[in-house]
Amino acid sequence: MGCPVVLFDCDGVILDSNDVKTDGFRQAVDSYANPVVDAFLEYHRQNGGLSRYEKFEYFFRDLVGLSDYRAKMEEALERFAYSTKNALLDCPLIPGVTDLLKQLNAAGVPCFVVSGSDQHELRDVLRERRLDRHFRDILGSPASKLANVKAVLGGLAGLPVSGAVMFGDAIIDMETAEKCSLTPVFVSARSQWADGPAVCQKRGWAQIADFGSLA
């Protein structure tokens, strides 16, 4: 792949973990009424790439209607992290991603992870799965995806951005790539963005099912 730098989202792009995260969000708020939980899970699916901090804040502030929700949010964050950690270590990889990473590494192409996942947790998971060695840096929340992409590009010491690629499975990935003059590529096979294929076709964004055809 002839490009100066490649950025990857994680859930649904490196790890087949979108269902793991959805189950984690459900378990974190399962003491609340089903309609509220269902609305929260739909918000989660429609806002892939948004950090868990912003999602839980939306849940407690906008869906539950609490003004003082910090303690409950911290509890939910802990429950979410506890319920997902082992599953993230065991879930499958998106087909072809390790072969593609090895080829990019061999060609000297800098690779980065820019995810909405908690940065500390994300680095731990990728390190334990021995995937961290493929990346120059691994960035996540609470910083926004846009801020992290800008941080990556700002640290490339004059390397041209033209032709750089960002692989994602949510609209926030695609729109962030465009804002930063990257080429967005939608990875569709495990995405929970139901309108993704149609939106990408309409807006001229490239699409692949997984990395099998690229590796």
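The values are calculated or read from the model by the stated rules, or taken from the named source; none is laboratory data. What you are looking at is a predicted structure, and each value in this text was computed from that prediction instead of being measured. Cβ: placed from backbone, ideal geometry, glycine included. Neighbour counts: every protein chain shown.
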Practice item. For segment 196-213, enumerate the residues that are touching a residue at least 12 places away in the same chain (Cβ under 8 Å) and not aromatic (Phe, Trp, Tyr). Key: Gly196, Val199, Cys200, Arg203, Ala206, Gln207, Ile208, Ala209, Asp210, Gly212, Ser213
Check your understanding: Among Tyr53, Tyr43, which is more than 30 Å from Ser162 (Cα to Cα) and in contact with a Pro (Cβ under 8 Å, 6 or more places away or on another chain)?
Key -> Tyr53
Revision key, fill the gap. Looking across segment 114-153 at residues that are under 16 Å from Leu182 (Cβ atoms) and touching a helix residue (DSSP H, G or I) at 6+ places or on another chain (Cβ under 6 Å), the single one that is surrounded by the fewest Cβ atoms within 10 Å (Cβ to Cβ) is Leu146
Review point. Which pairs do you get when a residue that is within 16 Å of Glu54 (Cβ to Cβ) and not assigned by TED's automatic domain parsing to the domain that holds Asn47, found in segment 113-141, comes within reach of a residue that is acidic (Asp, Glu) and crowded, with 21+ Cβ neighbours inside 10 Å, reach meaning Cβ atoms under 6 angstrom, with the pair 6+ apart or on two chains?
Key: Ser115/Asp9
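Yes or no: Leu182 over 12 Å from the mean Cα position of the chain (by Cα) and surrounded by 22 or more Cβ atoms within 10 Å (Cβ to Cβ)? If you could, list the steps in order and put the result at the bottom.
Details: over 12 Å from the mean Cα position of the chain (by Cα): yes; surrounded by 22 or more Cβ atoms within 10 Å (Cβ to Cβ): yes.
When the stated conditions are applied, Leu182 passes them.
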Check your understanding: Just for segment 1-23: of the residues that are at pLDDT 95 or above and among the small types (Gly, Ala, Ser), which one is surrounded by the fewest Cβ atoms within 10 Å (Cβ to Cβ)?
Key -> Ser17
Exercise for review: Identify all residues within segment 149-165 that are over 16 Å from Ser117 (Cβ atoms) and touching a Ser or Thr at 6+ places or on another chain (Cβ under 8 Å); write none if there are none.
Suggested key: Val161, Ser162, Gly163, Ala164, Val165
Point to revise | Matching residues, segment 10-25, being part of a helix (DSSP H, G or I), within 19 Å of Ala194 (Cα to Cα) and of a type outside the set (Asp, Glu) | key: Asn18, Val20, Lys21, Thr22, Phe25
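With the requirement that a residue be surrounded by 15 or more Cβ atoms within 10 Å (Cβ to Cβ) and closer than 30 Å to Leu15 by Cα, what does segment 64-86 give you? Even if it seems obvious, please write down each step before you answer.
Let us first name the residues in segment 64-86 that are surrounded by 15 or more Cβ atoms within 10 Å (Cβ to Cβ), namely 64, 69, 72-73, 76-77, 79-81, 83-85.
Lys72, Met73, Ala76, Leu77, Arg79, Phe80, Ala81, Ser83, Thr84, Lys85, listed by residue number.
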Review point. What are the residues in segment 50-62 that are in contact (Cβ under 8 Å) with a residue 24 or more places away in the chain, crowded, with 18+ Cβ neighbours inside 10 Å and not in a loop (DSSP other than H, G, I, E, B), if any?
Key: Arg52, Lys55, Phe56, Phe59
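Out of all the residues in segment 93-103, which are part of a helix (DSSP H, G or I), out of contact with any His (no Cβ under 6 Å at 6 or more places or on another chain) and either crowded, with 21+ Cβ neighbours inside 10 Å or outside the structural domain of Phe135 (by TED's automatic domain parsing) (or both)?
Restricting attention to segment 93-103, the residues satisfying the condition of being part of a helix (DSSP H, G or I) are 97-103.
Among the residues that remain, those that are also out of contact with any His (no Cβ under 6 Å at 6 or more places or on another chain) are: 97-100, 102-103.
Once the filter is applied, which keeps residues that are part of a helix (DSSP H, G or I), out of contact with any His (no Cβ under 6 Å at 6 or more places or on another chain) and either crowded, with 21+ Cβ neighbours inside 10 Å or outside the structural domain of Phe135 (by TED's automatic domain parsing) (or both), segment 93-103 yields Val97, Leu100.
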